[in-house]
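Novice: Below you'll find the structure I mean.
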Amino acid sequence: VRFRSPLIDLDGIGFEANFDNSRTVLVNSDVNVILRMAASDPRKLAVDGVDKKDYSFVRAYSDSLLIDIKHNQIMLVGSVRVIDRSSVLTCDRLTIFLDDEKQKTSTPASGALALDGDKGLSRILADGNVVVSNGKNANAARAVADHLIYDAKLGIFTFTGDRNNPRIETKQEVISGK
């Protein structure tokens with residue numbers, strides 16, 4: 001599968017889509033995704049003259065991916081790895097919740113996947129073996145937890161644990177919480 005749009009590039013093996021009832025897209029394996037932030041939309045870069053150093057994107061890999069259009073969710077499952085400019089997140093499952101501001105007033109008639117900038121990030125849930133680290137510095141601190149909730153509107157990360165207490169590790173110390 002190879003899908004390209006101004007805000008997302010998606011590669012993977014195996015593809016199933018249901019646009020009738022469930023409105024889902026499943027990529028079965030070897031998922032490689034590039035998500036560009038709305039301000040990094042190539043169409044806007046060319047028109048608005050935005051400085052290319054502000055070009056921002058996130059790269060994600062997983063065993064499989066499910067896009068649930070009806071519920072505004074993207075789920076990456078199995079060996080999830082997300083990389084941005086400053087950090088790397090790994091986990092067993094990642095669910096991205098999207099806002100639906102423009103879609104509340106206008107819905108594509110075809111029910112097709114609207115990946116044209118109408119949706120924004122609301123929150124992220126990471127589950128299972130969550131590790132967040134500085135991708136460029138192996139000696140930097142890293143956070144380890146069973147679960148992570150990121151509230152994009154508030155910019156707050158919450159780490160929790162079922163089996164183990166969440167902790168922040170450096171080469172010299174470990175800080176743990178409940």
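Novice: May I ask you to say which residue of Gly135, Gly155 is closer than 29 Å to Ser5 by Cβ and modelled with pLDDT of 85 or more?
Specialist: Gly155
Novice: Separate question: Among the numbered conditions (1) surrounded by fewer than 13 Cβ atoms within 10 Å (Cβ to Cβ); (2) at pLDDT 90 or above, tell me where Asn21 comes up short.
Specialist: The single condition Asn21 does not satisfy is (2).
Novice: Please enumerate the residues belonging to region 31-57 that are within 17 Å of Leu121 (Cβ to Cβ) and at pLDDT 85 or above.
Specialist: Within region 31-57, Val33, Ile34 meet the criteria.
Novice: For region 122-178, what are the residues that are closer than 14 Å to Val88 by Cα, of a type outside the set (D, E, K, R) and not in a strand (DSSP E or B)?
Specialist: Asn134, Gly135, Asn137, Ala138, Asn139, Ala140, Ala141
Novice: Give all pairs with beta carbons closer than 7 Å in which a residue from region 71-96 that is closer than 17 Å to Asp30 by Cα meets a residue that is modelled with pLDDT under 95 and assigned to a loop (DSSP other than H, G, I, E, B); count only pairs at least 6 apart in sequence or on separate chains.
Specialist: From residues that are closer than 17 Å to Asp30 by Cα, the pairs are Ile83/Gly135.
The values are calculated or read from the model by the stated rules, or taken from the named source; none is laboratory data. All values derive from a computational prediction rather than experimental measurement. Cβ sites come from the backbone with ideal geometry, for glycine too, and all protein chains shown count toward neighbours.
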